[in-house]
Structure formats: C-alpha cells, structure tokens
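Below is one structure, written out as structure tokens; the observations come after it.
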Amino acid sequence: MTSEGIERKILHIDMDCFYAAIEVRDRPSLRSEPVAVGGRSARGVLTTCNYEARKFGIHSAMPNFMAMRKCPHLVVLPVRFEAYRTESKRIRAIMADYSDKIEPLSLDEAYIDVSHSDRSPIDIAHDIKRRIRREIGLAASAGVAPNKMLAKIASDWQKPDGLFALTQSDIPDFMRQLSVSKIWGIGKKTEEKLRAKNIMTCGDLQSFSSLELSHLFGKFGADLYDLCRGIDNRPVVSNRIRKSVSVERTFQTNLETLEACSEKVESLFQELEEDLFRLKSDSKISKLFIKMKFSDFSRTTVERAGLPISLASAQELLREAFGRKALPVRLIGLGVRFAIRSNRGSQQLEFNFH
C-alpha cells in the first residue's frame, strides 16, 4: 500500500540485451549474428551479448578468449557509452509520460509507480513496450506487480520482449513454487547456505519462523520472512542519490613500473573529468580514490578526503597503492565518492583541472 492507502501498481521495465541491441539496430547486417559488446583485447571481458550469442553459452563478464572459443564467429564490438546514455534518456522520457515516480536502476532498467493512474498497469506496460519498439527500435520486457521485488522477478519471466503480471491473489501460489535464488538480496553464498539445509523454494523457506530465520541470517532473516511470502514495502524512489563515479581499465599487458602506471592514470583522470562534466550533478565530492588489482589478483584501494580532485592528487594515491606490493599491476580504477547530505551540510572539495 502507498502512504495514502492505495494498492501499489509497480512496473519494472528491463531492456533486452540493451547495449548489444543498440549495436545490432545500428548495423542491420548483424541482425542474425551472435554479437557481444566489450573490450576487444585478449584479456578483455564482455559487457553484454545478444540472444544469438547466448545460444553458445556466452554471457556478460565472460573473458573474451573464452567467448571466442565457444563461438569463433562471435562479433565483438567496442563499448559506446555515450550512445547508450542517449537512448536511455529517450526511453526515460517515454516512461515519464505515464508517471513522475521513476526509479532508474541502471541505463537499461527502471521501476515505475503507476498506482495513482486510473488505467490498468498491464495496459500501461503494453503502451510503454510498444512505444519503445516504435520510437526507438528496441525491445523491452516488462513486469507488473504490487511491489518492486515481484515486478523485477516478473520482467525476467518471459524474456525477451515479454510481459508478465502478478496480482495480489496470484502471490501465495507463485511464491510457494519460486526458487529462493530469485529473492531480492540473496546472493550465491546465501543460496548455498539455504540449499545446504534443503531449502530450494520460497515454500520451503516459509516453514521457518521469523525467529529461526533471524538466528540463521541475522537482520536479513527478518526480511527473508517477508520476502519469501512476496511482501516488499520499499517505495519507488525518484532521484536516487549517486554515491560515486569511477572509471577503470584492465591492461592487456601487466604494468611493471610506477611510471607505466602513472601514464595510465593520466588518461583515466581525463576520462573521469569527462564523466563528471556529463553527470552535471550538484552532489559534493567528499573523497578521491584509486583501486588496483595486482598480477596475483589481490586488490588494494587508497582513498582520501581533503585532497583537491586533481591529477596530482590521483598520482599521489597511485604511489601509495603501487607501493603496497612488489607486483605487476593488472587493473587500475580511479573515482570519486560523493558526500552524504546531512542537515549540517558538507564541504565541497575543489576540482582543479590541469
């Protein structure tokens, strides 16, 4: 229920293979080909791929060399974030014609609260899907439900280009048969812990009391008691506060020296500058950070408040991170964290461009 006592009508719109779909739309000759988007070096990883590629067992975050083994004729295209952001804004504009309560989760998915509309939420979902197809040339899947968790589960139920709806009366039977892996907040470790106790479905989980689940999973146990019954009272929150912006690069050849790392940080800082300008956020920057992955896959992060957000500051953090291990460097990431707003306010750090 909303604060006004109205039963919630929540949509979750999820674009199908968003980045890859844009590339195929813009290159019609690739329409029936397996296509992926990501770094094209041997050590790169895939950001996403289309359904033709998935037939070969390819998926996002798969290393390129492994994907090419599975599908030697896979077409791997470079990431074009500016194009994806542009299309995301166009999709968001379509959603805004139906509600001002929109909660983006990423460029390619968002919740929409249409509780105050007199129209059927299923009709609205159909409208949004049709308009995205007609005006932008892309396919979207939609979930309709009384809450966010179920709407997100529903949008994945009949992919691609699907629409699945759950009403309040559907929820008890649906939840009893639903795999515990579908519940919001359950990751691999929690799923393994549940399966070790022979808990496979939400129906299995419903046999435990709130006290028993709290004993097994701490604070999350009380949430699980509700979630396995399809209860999720989180509202759709517009204007989500962004906590950080960062850029990173995995290198085809490990960087052996501080000088080599320093050169890469220069280009990363320039990219970070551009992203911050495009973001046009009024949030205040609280910290600069750098993260590093070494050749043994260990990681380290150095972050500091009070430094001017400049290339010189980034190089200072780099020297500290590089000095923590006498090993070649596989990945460097550079970013900023935004201040959490409070009644007392927050000091804005100076952004010096050199």
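The values are calculated or read from the model by the stated rules, or taken from the named source; none is laboratory data. The model shown is predicted, which means the values in this text are computed figures rather than measured ones. Cβ atoms come from the backbone with ideal geometry, glycine included; neighbour counts cover every protein chain shown.
Tabulated data
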quantity	calculated
The stretch 9-48: number of residues that are aliphatic (A, V, I, L, M) and in a strand (DSSP E or B)	9
Options S179, S238: the member that is closer than 23 Å to D123 by Cα and not acidic (D, E)	S238
Any hit, the stretch 222-241, residues being modelled with pLDDT under 95, among the hydrophobic types (A, V, I, L, M, F, W, C) and over 30 Å from I171 (Cβ atoms)	yes
Given (1) part of a loop (DSSP other than H, G, I, E, B); (2) within 24 Å of the chain's Cα centre (by Cα); (3) loosely packed, with under 15 Cβ neighbours inside 10 Å, number of the condition E274 does not satisfy	(1)
Pair list, Cβ < 6 Å and 6+ apart or interchain, from the stretch 118-144 residues that are farther than 16 Å from R92 by Cβ to residues that are of a type in the set (A, V, I, L, M) and surrounded by fewer than 20 Cβ atoms within 10 Å (Cβ to Cβ)	I122/A165; V144/I122; V144/A165
Residue count, the stretch 222-258 (criterion: within 24 Å of L317 (Cβ to Cβ), more than 20 Å from the chain's Cα centre (by Cα) and either surrounded by fewer than 13 Cβ atoms within 10 Å (Cβ to Cβ) or polar (S, T, N, Q) (or both))	5
Number of the condition not met by I10 [criteria: (1) in contact (Cβ under 8 Å) with a residue 24 or more places away in the chain; (2) touching a Leu at 6+ places or on another chain (Cβ under 6 Å)]	(2)
Residue within the stretch 167-174 that is among the acidic types (D, E) and closer than 24 Å to E7 by Cα present	yes
